[in-house]
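What follows draws every value from the coordinates through simple rules; no lab data is involved. Because the structure is a prediction, the values reported are computed rather than measured. When we count neighbours, we look across all protein chains shown, and the Cβ atoms used for this are built from the backbone with ideal geometry, even at glycine.
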Amino acid sequence: MNKTIRRASVFALLLVLTLLVRATWVQFYDGKALADDKDNRRNAITTYAAPLGNIIVAGDSITGSARTKGSDLAYRRTYTDGRLYAAVTGYASQSYAPTQLEGIYQDLLNGTDSRLKNIMDTVTGERAHPGNVVTTIDPAVQKAAYRALGSKKGAAVAIDPKTGRILAVVSTPSYDPSALTDADTAGAAWKRLNDNPEKPLTNRALRQPLPPGSTFKLVVAAAALEDGLYASVDQRTVSPDPYMLPGSTKALSNENPNAPCENASIRQALRYSCNNVFGKMAVDLGQDKVRAMAEKFGFNDDRQDVPVRAYPSVYPSDMDKAQTALSGIGQFDVTATPLQMAMVSAAIAHDGELASAHMVSQITDSGGDVLQNDDDAPTERIVGASTARQLQSAMQTVVEQGTGTNARIAGATVGGKTGTAQHGENNSQTPYAWFTSYAKSDTNGKQVAVAVMVEQSDAARSEVSGNGLAAPVAKAMMQAALGS
């Protein structure tokens, strides 16, 4: 073979090898990328070729699938009581990426989760029958929260302190997920919901941290007791009234100027929500100790999955002493979700132990066999049992004799803390109303922890308070959870 033919042969061989490499690349890499592309119509056709699995509440499906007409997408998602459960389910749409539980468990619900496949499915490549998601939601508590919030803009969360099971997640105003499921109508609904200034698609219970106001005083009190700054909730503090913010000419005032807040004990300061006491207490402890306690409860955790990822609640860093004082009353740059404040009350109610919060009990295959059990949630000690019981007692004083009287429940022991957080520059906008609490039945042993945040209501500004707006919602939820 002469040199020219040999070179041509080598060149031709290299071309063939290049084509083979390119074909392999397209088939196995670009092909997968194209198959996984969210805009690939074939994915939607495959996903909606058969009914999806369901999300279960108290044994009943709150989701379903309906046959479509005149579409290459054979089925669409449907919802029972969609507005009631929207903050739990999210939506599965033919046009948009799924959210909430629909998004977390989309592979399970559409049958592509590898745990669903049997040997025959693996051999044939057929899609398995979809699985189901069994939630921890108690429909009675969910309905109580939704009805009590009514037309208010706000959110509420209820947790079983012993198990960490989330009994309710409500965000208002809500929306009907069914409006987003059909490709032919989803675009108009999407625009309408996103243009709505009330932001109904925002999950305020899990994903809108706001200043928690005086409910954060429970965290500061826990830090003071654990640190030994004060030996008990009944020891008098060193707290001048008014308390001048360090390095400032501004005084930290109290909502009720006639309240007995000078040198008040922790119990008395929680009862009357004394800003001077907890502002000075935060400065005396120092921001690092307050932050350490806040982080034990879950603040600054950017991986708070329930299993939907909640936005982190924040206790800030690098504050001066005046800012630290303001952080002690849940202001400055402190933010919290209702989930986070429910976790604070849950840990206190459970004698200082925090069970991992979760709103999915199990995931199962189509036959009901359990693929994963999430009810064996880990428990972490946050504060000592003695500290927790003292705070329980002080929170009971708030409800029985203080600012939280609207949460009283006959036949139950109730403890709580109100909060009214400033909103806008110089508190120019309507404040946020908060209430976090726990209740224990005196007869059946049931217990629950709750947090409610009312962002906006029809109440006059002078009537906005945790006791006036948020405590009645919490009471309705606690009554439903205790069965009273």
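Would you work out if segment 168-273 is rounded, prolate or oblate? Take a ≥ b ≥ c from the square roots of the eigenvalues of the alpha-carbon gyration tensor; rounded if a/c is under 1.5, else prolate when a/b is larger than b/c, oblate otherwise. It comes out prolate by the Cα gyration axes.
Taking 1.567 mPa s as the viscosity and 4 °C as the temperature, the Stokes-Einstein diffusion coefficient of the chain based on its alpha-carbon Kirkwood radius rounds to 53 µm²/s.
Summing charges over neighbours of Thr237, with a neighbour being any other residue whose Cβ is under 15 Å away from its Cβ, gives 0 when K and R count +1 and D and E count -1. Think of the chain as a dipole: +1 on every Lys or Arg Cβ, -1 on every Asp or Glu Cβ, centred on the Cα centre; then among Thr249, Ala269, Ala186, Ala186 lies furthest on the positive end. Label-to-label distance for Ala8 and Arg67 is 6.5 nm, based on points extended 7 Å past Cα in the beta-carbon direction. Each residue in Ser437, Ser214, Ser93 was given a count of other beta-carbon atoms within 10 angstrom of its own, and listing them fewest first yields Ser93, Ser214, Ser437.
Rounded to the nearest 20 debye, the dipole size of the chain about its Cα centre is 840 debye, using +1 on the Cβ of Lys and Arg and -1 on the Cβ of Asp and Glu.
Spin-label model, Glu295/Ser253: points 7 Å from Cα along the beta carbon direction are separated by 3.6 nm.
In terms of its C-alpha gyration tensor, segment 207-482 comes out prolate, because a/c is 1.5 or above and the ratio a/b outweighs b/c. Stretching Glu400 away from Ala231 to a fully extended chain increases their span by 58.5 nm, per 0.36 nm per residue minus the current alpha-carbon distance.
In this calculation the C-beta distance from Ala58 to Asp184 is compared with R0 = 41 Å, giving a FRET efficiency of 0.80. How about Lys446: which lysines have a C-alpha closer than 28 Å to its C-alpha, ignoring those fewer than 8 places off in the same chain? Within the straight-line limit of under 28 Å, Lys446 reaches these lysines: Lys143, Lys162, Lys217, Lys296, Lys417, Lys475. Under a model in which nothing but the beta-carbon of Lys, Arg (+1) and Asp, Glu (-1) is charged, segment 150-206 shows a dipole of about 340 debye around its Cα centre.
For a modelled paramagnetic label at Asp81, 7 Å from Cα along Cα-to-Cβ, the residues of segment 145-178 in reach, with backbone nitrogen under 12 Å, are 145-147, 168-169. If you sort the three axes of the alpha carbon gyration tensor as a ≥ b ≥ c, you get a/c of 1.5 or more for segment 309-450 and a/b no higher than b/c, which makes it oblate. Using the Cβ of Glu262 as centre and a radius below 12 Å, the other residues enclosed give a net charge of +1, where K and R count +1 and D and E count -1. Going from the fewest other Cβ atoms within 10 Å to the most, the residues Ile382, Ile5, Ile348 appear in the order Ile5, Ile382, Ile348. When Thr112, Thr324, Thr420 are sorted by how many other C-beta atoms sit within 10 angstrom of their C-beta, beginning with the fewest, the order is Thr112, Thr324, Thr420.
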